[in-house]
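S.K.: Can you read through this structure? Questions will come right after.
The values are calculated or read from the model by the stated rules, or taken from the named source; none is laboratory data. These numbers come from a predicted model, not from an experiment. Glycine also receives a Cβ, built like all others from the backbone with ideal geometry; neighbour counts cover every protein chain displayed.
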Amino acid sequence: MADQESEWYQFVSERPIDCACCILSVRVEVHESNGLNDEKEKSVSVDGDVNFEQFDNGGLEGRPSMYDHPLSLDDNQSTLAEQPFPFDDDPPTLADQPLPLDDHSLIGGAQPSEEQSLKIKLHRGHVFEELNEAFQNNPAMKCPSMCLTIEMVLPNGIVEKGQDTGGIFRDALSEYWSTFKENCTTCFGVRVPVLRHDMKDVWATIAEVLVVGRRLCAYFPTYLAVPFLLYTLDAEAPLMEEMLLESYCNFVSEDDGVFIRNSLNNFSTYPQEEVEFFCEMHNVTRVVHANNWKETLLQVAHKEMIQEAAYIADCWRPVLQQSPLLKEVPTIQELITSLTPTGRKVMKLLKLASETDNASLKEQKVFGFVKQFINQLNPANLKKFLRFCTGADVTIVDEIK
């Protein structure tokens with residue numbers, strides 16, 4: 001027996017195992033001894049973190065083998081759905097499968113609640129494009145109870161230091177609507193959107209951003225022309241002539257606005273050269289005189305402020321009519337007036353960090369200088385100051401400390 005040499009033979013087989021999450025290479029080694037007993041030892045090891053062994057008659061009884069199923073050679077047919085999970089008895093759960101998002105469902109199929117929020121990363125200077133893309137790709141952002149958290153990334157790649165308790169989102173909306181004003185609207189004072197060839201599928205998204213911004217932090221762009229907004233909310237609503245003319249005077253250049261106001265009062269004595277120049281610039285094709293001058297101005301105002309932007313208004317109308325937010329105020333004009341910053345409004349918002357009775361004489365003196373500074377700001381710089389302090393370029397906060 002001592003001189004008897006034991007005969008060993010080794011059989012090695014490698015075969016890939018298809019799994020729902022990975023592909024593992026398995027090495028099966030069978031060692032057999034023809035010594036005193038006929039015990040066979042089988043070991044199976046996986047090139048990974050999984051290693052299990054079975055001895056003698058243990059095997060993998062009760063558990064179906066993957067090799068009991070023929071492998072398909074068709075590239076267009078997957079065998080994963082036909083084969084059992086070899087390493088886990090538990091079937092896949094809903095958490096392992098992607099769920100579609102719609103206006104009434106959220107991730108995991110849960111209904112929207114006050115606790116649910118969505119974090120969005122935006123890059124400074126690209127807020128308009130990225131926020132539009134986020135709204136188009138994630139319908140859950142339009143849920144009435146969804147809260148948005150903004151993370152702003154600077155051009156150098158560093159995330160801005162700040163917690164979004166409203167200020168960062170207000171700042172993002174201010175940049176969004178500032179970009180919209182510069183790139184997607186026309187004229188000087190009050191603005192109306194202008195058609196662009198690359199924004200066919202974006203106009204409705206812009207209306208959704210308008211509704212969400214109004215809902216979450218009461219933001220609303222104050223530069224949009226009131227006649228355009230009224231037509232957008234209700235195309236059949238009549239427009240007051242005086243309101244249309246006043247908005248048109250703020251819509252055109254400052255010189256044209258002065259000309260319109262003066263010519264309405266004394267057209268017969270106004271220089272005819274200026275009347276002809278205005279008609280040429282605005283494509284007036286009729287002979288004007290004192291009796292039809294006001295009617296002509298109303299027609300021109302309606303054409304430039306409503307007719308030319310009618311397609312955009314038609315895209316906005318279904319979104320705005322479904323939201324009651326713009327119906328909470330008596331008129332759009334009152335809403336815009338309440339949000340437009342003025343020196344007196346901003347000064348009323350200023351509050352000392354400490355109580356007024358405990359404020360030192362030095363603090364009160366500096367506080368007075370700040371009020372004088374604000375009182376001397378023009379409207380453009382006043383909006384910049386307000387955005388620096390609150391994140392928004394409109395008056396939507398209760399106080400500034």
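S.K.: Among the residues that make up the stretch 236-243, is at least one of them part of a helix (DSSP H, G or I), touching a residue at least 40 places away in the same chain (Cβ under 8 Å) and not acidic (Asp, Glu)?
M.R.: yes
S.K.: Another question, then. Which members of the stretch 257-269 meet the condition of being of a type outside the set (A, V, I, L, M, F, W, C) and surrounded by fewer than 17 Cβ atoms within 10 Å (Cβ to Cβ)?
M.R.: 261, 262, 265, 266, 268, 269
S.K.: Same structure again: Which of the residues belonging to the stretch 145-175 are surrounded by 14 or more Cβ atoms within 10 Å (Cβ to Cβ), among the hydroxyl-bearing types (Ser, Thr, Tyr) and at pLDDT below 95?
M.R.: Within the stretch 145-175, 149 is the sole residue that qualifies.
Here's the yes/no breakdown for (1) of a type in the set (Gly, Ala, Ser); (2) in contact (Cβ under 8 Å) with a residue 40 or more places away in the chain; (3) assigned by TED's automatic domain parsing to the domain that holds residue 220:
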{"residue": "363", "(1), (2), (3)": "no, no, no"}
{"residue": "369", "(1), (2), (3)": "no, no, no"}
{"residue": "383", "(1), (2), (3)": "no, yes, no"}
{"residue": "392", "(1), (2), (3)": "yes, yes, no"}
{"residue": "398", "(1), (2), (3)": "no, yes, no"}
{"residue": "401", "(1), (2), (3)": "no, yes, no"}
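S.K.: In addition: Condition first: exposed (fewer than 13 other Cβ atoms within 10 Å of the Cβ) and either touching a Phe, Trp or Tyr at 6+ places or on another chain (Cβ under 6 Å) or in a helix (DSSP H, G or I) (or both). Now tell me which residues in the stretch 326-336 satisfy that.
M.R.: Of everything in the stretch 326-336, those that are exposed (fewer than 13 other Cβ atoms within 10 Å of the Cβ) and either touching a Phe, Trp or Tyr at 6+ places or on another chain (Cβ under 6 Å) or in a helix (DSSP H, G or I) (or both) turn out to be 327, 334.
S.K.: Next up: Restricting the stretch 270-309 to residues that are within 30 Å of residue 204 (Cα to Cα), without any contact (Cβ under 8 Å) to a residue 60 or more places away in the chain and of a type in the set (A, V, I, L, M, F, W, C), which is surrounded by the most Cβ atoms within 10 Å (Cβ to Cβ)?
M.R.: The extreme case among them is 300.
S.K.: Is it the case that some residue within the stretch 163-183 is hydrophobic (A, V, I, L, M, F, W, C) and over 19 Å from the mean Cα position of the chain (by Cα)?
M.R.: No, because not a single residue in the stretch 163-183 is hydrophobic (A, V, I, L, M, F, W, C) and over 19 Å from the mean Cα position of the chain (by Cα).
S.K.: If you don't mind, another one. Only one of (1) under 20 Å from residue 207 (Cβ atoms); (2) at pLDDT 75 or above; (3) not polar (S, T, N, Q) is not met by residue 119, so which one is it?
M.R.: Here residue 119 meets the rest and fails (1).
S.K.: Considering every residue within the stretch 185-194, establish whether at least one is over 21 Å from residue 384 (Cα atoms), touching a residue at least 60 places away in the same chain (Cβ under 8 Å) and touching an Asp or Glu at 6+ places or on another chain (Cβ under 7 Å).
M.R.: no
S.K.: Which one is modelled with the highest pLDDT, of the residues in the stretch 244-268 that are of a type outside the set (Val, Ile, Thr) and not in a helix (DSSP H, G or I)?
M.R.: The residue in question is 253.
S.K.: Within the stretch 185-195, can one find any residue that is assigned to a loop (DSSP other than H, G, I, E, B), buried (at least 16 other Cβ atoms within 10 Å of the Cβ) and within 27 Å of the chain's Cα centre (by Cα)?
M.R.: So far as the stretch 185-195 goes, yes, one or more of its residues are assigned to a loop (DSSP other than H, G, I, E, B), buried (at least 16 other Cβ atoms within 10 Å of the Cβ) and within 27 Å of the chain's Cα centre (by Cα).
S.K.: Here's a follow-up. Hey, could you check the stretch 309-344 for residues that are small (Gly, Ala, Ser) and out of contact with any Ser or Thr (no Cβ under 8 Å at 6 or more places or on another chain) and say which is nearest to residue 251 (Cα to Cα)?
M.R.: 309
S.K.: Are any residues in the stretch 310-325 among the hydroxyl-bearing types (Ser, Thr, Tyr) and surrounded by 15 or more Cβ atoms within 10 Å (Cβ to Cβ), and if so, which ones?
M.R.: Passing the criteria: only 323.
S.K.: Taking the stretch 274-288, which residues are aliphatic (A, V, I, L, M) and not in a loop (DSSP other than H, G, I, E, B)?
M.R.: Scanning the stretch 274-288 gives 275, 281.
S.K.: Any idea which of 230, 244, 224 is closer than 13 Å to residue 316 by Cβ, in contact with a Leu (Cβ under 8 Å, 6 or more places away or on another chain) and surrounded by 16 or more Cβ atoms within 10 Å (Cβ to Cβ)? Reasoning before the result, please.
M.R.: On the way: 244 fails: closer than 13 Å to residue 316 by Cβ; 224 fails: in contact with a Leu (Cβ under 8 Å, 6 or more places away or on another chain).
After applying the criteria, what remains is 230.
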